[in-house]
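**Q** Please see the structure below; I have some questions.
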2 protein chains.
Amino acid sequence: LTVLTQHEIRQVLGELDGWQPAGAATDDVGEIGKQFAFADFREAVAFVVRVAFEAEAANHHPDLDLRYSKVQVTLSTHSEGGVTEKDVALARAINAVGNR
Amino acid sequence: LTVLTQHEIRQVLGELDGWQPAGAATDDVGEIGKQFAFADFREAVAFVVRVAFEAEAANHHPDLDLRYSKVQVTLSTHSEGGVTEKDVALARAINAVGNR
């Protein structure tokens with residue numbers, strides 16, 4: 001696994017619906033994140049469970065912040081100290097379960 | 001619903017295993033929180049689901065931050081601008097599902 005360059009991350013974000021740079025406010029993007037909004041708390045919890053299955057399947061685990069009907073998802077490959085293809089692949093899978 | 005006084009909150013926290021003042025670093029406690037640690041991600045997700053059922057039953061919804069095998073729970077009654085009996089009751093219920 002190699003950490004994506006800043007240029008690669010910006011290219012990927014252009015193709016990943018709704019994902020943005022996340023985390024510390026530096027020029028270097030070390031995390032990517034997206035907020036998913038649902039009709040209510042139950043729908044948000046259902047999304048968290050769907051994401052959990054994707055995370056286990058990928059053996060890669062995002063940070064998940066549940067705020068009533070909203071879920072903030074944050075992805076980074078901590079072992080590599082940045083954003084890798086693992087994050088990009090999981091972001092795509094999460095988009096697929098979040099946009100039903 | 002009345003907001004608990006700071007004295008009442010400190011008394012309650014003395015009886016609620018593991019709960020601490022949370023949120024903004026002021027002298028006034030407006031939120032209470034507890035971190036629950038589990039063996040792995042699956043156990044942490046299972047806890048989130050159990051807490052979700054308690055939250056729906058109480059019609060009161062904590063903030064839940066999932067970090068792999070750890071879950072930070074934060075409670076406040078936003079409509080009242082502080083900690084109320086609703087938070088205390090839900091904290092007890094969450095302790096019951098979290099300490100299995």
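The values are calculated or read from the model by the stated rules, or taken from the named source; none is laboratory data. Note that the structure is predicted; figures quoted are calculated from it, not measured. Because the Cβ atoms are built from the backbone with ideal geometry, glycine has one as well, and the counts that use them run over all protein chains shown.
**Q** Check off (1) away from chain B (no Cβ under 13 Å); (2) at pLDDT 95 or above for A:Ser76 and give me the number that stays unchecked.
**A** (1)
**Q** I would also like to ask the following. Looking only at segment A:51-93, which residues are over 17 Å from B:Gln72 (Cα atoms), surrounded by fewer than 16 Cβ atoms within 10 Å (Cβ to Cβ) and not acidic (Asp, Glu)?
**A** A:Phe53, A:Ala57, A:Ala58, A:Asn59, A:His78, A:Ser79, A:Gly81, A:Ala89, A:Arg92
**Q** Restrict the check to segment B:75-98 and report whether at least one residue is closer than 21 Å to A:Arg50 by Cβ and touching a His at 6+ places or on another chain (Cβ under 8 Å). Working first, answer last.
**A** Just the residues of segment B:75-98 that are closer than 21 Å to A:Arg50 by Cβ, to begin with: none.
No - not one qualifying residue is present in segment B:75-98.
**Q** Exactly one of (1) under 10 Å from the mean Cα position of the chain (by Cα); (2) closer than 23 Å to A:Arg50 by Cβ is unmet by B:Asp65. Its number?
**A** (1)
**Q** Could you grab the pairs with beta carbons closer than 7 Å, sequence gap of 6+ or different chains, first residue in segment B:31-45 and within 11 Å of chain A (Cβ to nearest Cβ) and touching a residue at least 24 places away in the same chain (Cβ under 8 Å), second one buried (at least 20 other Cβ atoms within 10 Å of the Cβ) and not hydroxyl-bearing (Ser, Thr, Tyr)?
**A** B:Phe41/A:Ala55; B:Phe41/A:His61; B:Ala44/B:Leu66; B:Ala44/B:Val71
**Q** For A:Glu15, work out the one condition from (1) in contact (Cβ under 8 Å) with a residue 24 or more places away in the chain; (2) farther than 24 Å from B:Thr74 by Cα it doesn't fulfil.
**A** All conditions pass for A:Glu15, except number (1).
**Q** Something else now. Kindly establish whether B:Asp28 is more than 18 Å from A:Phe47 (Cβ to Cβ), exposed (fewer than 14 other Cβ atoms within 10 Å of the Cβ), more than 10 Å from chain A (Cβ to nearest Cβ) and charged (D, E, K, R).
**A** Numbers: more than 18 Å from A:Phe47 (Cβ to Cβ): yes; exposed (fewer than 14 other Cβ atoms within 10 Å of the Cβ): yes; more than 10 Å from chain A (Cβ to nearest Cβ): yes; charged (D, E, K, R): yes.
Spelling it out, B:Asp28 is indeed more than 18 Å from A:Phe47 (Cβ to Cβ), exposed (fewer than 14 other Cβ atoms within 10 Å of the Cβ), more than 10 Å from chain A (Cβ to nearest Cβ) and charged (D, E, K, R).
**Q** Right, something else. With respect to A:Ile9, determine if the residue is within 14 Å of chain B (Cβ to nearest Cβ), surrounded by 15 or more Cβ atoms within 10 Å (Cβ to Cβ) and either touching a residue at least 60 places away in the same chain (Cβ under 8 Å) or touching a His at 6+ places or on another chain (Cβ under 6 Å) (or both).
**A** For A:Ile9, the condition - within 14 Å of chain B (Cβ to nearest Cβ), surrounded by 15 or more Cβ atoms within 10 Å (Cβ to Cβ) and either touching a residue at least 60 places away in the same chain (Cβ under 8 Å) or touching a His at 6+ places or on another chain (Cβ under 6 Å) (or both) - is not met.
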